[in-house]
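Everything on this sheet refers to the single structure shown next.
The values are calculated or read from the model by the stated rules, or taken from the named source; none is laboratory data. This is a predicted model, so every value here is computed, not measured. Cβ coordinates were reconstructed from backbone atoms using ideal geometry, including for glycine residues, and neighbour counts include every protein chain displayed. Just so you know, the surface numbers come from the protein's heavy atoms only, side chains and all, with ligands and any DNA or RNA stripped out. Shrake-Rupley method; radii C 1.70, N 1.55, O 1.52, S 1.80 Å.
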Amino acid sequence: MLLSLARSKRILFFGGKGGVGKTTVSAATALAMASEGRRVLLVSTDPAHNLGHLFNREVGPRPVRLAPNLDGMELDPEATVNEHLEQVSSSLRRLMAPHLAGEVDKHIELSRDAPGMQEAAIMEKIADVVALAARDYDLLVFDTAPSGHTARLIALPEMMSAWTDGLINRRDKAERFSSVLRNMGTDKSVGNKIFGGNEKDPLANRESSIRSLLNRRRRQFSDLRTAITDHERTSFIIVLAAERLPVLETIALHGQLRRTGVKVGALVVNKRSPADMGDFLKERRAQEDVHLATLTEALPDLPRKELGLAAHDVVGLEALQEFALRLE
Ligand SMILES: Nc1ncnc2c1ncn2[C@@H]1O[C@H](COP(=O)(O)OP(=O)(O)OP(=O)(O)O)[C@@H](O)[C@H]1O
Ligand SMILES: [Mg+2]
């Protein structure tokens, strides 16, 4: 069921609470698709990366080969934030008068730890990957950070474009204001004093370079939004354990995603206790069944895949291949 869903999509997101098996299930799905001959890119967006641990090798911000047809990469939020702030800082410096450079630095330093900064940076990287990797890969598999975080990320393109739209409007006003200043009689330097212009780098050019930067980001986010809300192309898979809180969080996450236009294609209930291995596990399984009944009641039509608890952790390519056999 999971693999037939994967076969029909080009972008898969795996999300869910911490430790439920997102990395394991997403990597096994990616591996299964790669072994069928599709070119697959597995991307970890969780700042606490674990693709490297799973595949027993270093995985970084550029794609590395993990298996035939399968590449993997880990997005680095901190490096992305730095890159992003550098870009914004140089744009701001060009916009402001030189004596305000200290103010720009202060503003940038404060922004570094602003709420949402890492999320925005990751979202920008996801947008890059979706835009660029579509040429080289048939399927993108995103292993995301634990639930609340993920839903915020997914909702972010909308927030981000609202944010850039706001900035663009403000630039529009500033542009009109500066053109009034520019036309105020003979002293053309009034506008330049305020906006820090000089003869070599006229105000108008600067305005339009900032504008094109903002427009490019807006387009990027709206393209991402289009991609992740395209139900033909993209599906979100929630991984969970059959426990009370994960079930309640899954129902909440499903609602959040639906409100943002993202389709949940399947639920994976991982680490199910066996019913035939002693009274203790039998009782545990009965308890799990109670929680799963709540899930069925809330989300009756959602395809669901159950995976049993294995005796060992899933580490390395061979273990992953074996795990992948259970996904059909
Ligand atoms: N069905 C299973 N049976 C036994 N162990 C499993 C199973 N699925 C996953 N595991 C193990 O559970 C641990 C957590 O799995 P995994 O790292 O995939 O979870 P995660 O949701 O990605 O965690 P995090 O939120 O920390 O990223 C790993 O040690 C993994 O090998
Ligand atoms: Mg993980």
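Separation of the alpha carbons by more than 28 angstrom is noted, of LYS125/LYS271; LYS282/LYS305; LYS17/LYS305; LYS9/LYS282; LYS22/LYS106, for LYS125/LYS271; LYS9/LYS282; LYS22/LYS106.
Which value, in Å², gives the accessible area per residue of the stretch 229-308 when a 1.4 Å probe is used on the protein heavy atoms? Don't skip to the answer; put the middle values down first.
On the way: 4210 Å² over 80 residues.
Value returned for the stretch 229-308: 53 Å² of accessible area per residue.
Please compute the Cα-Cα pair-distance distribution of the stretch 1-94 with 10 Å bins starting at 0, giving whole percents from short to long. Calculated over all Cα pairs of the stretch 1-94, the distribution is 15, 41, 27, 12, 5, 0 percent. Remark: spin-label model distance SER222-LEU132 equals 2.3 nm, labels positioned 7 Å along the Cα→Cβ axis.
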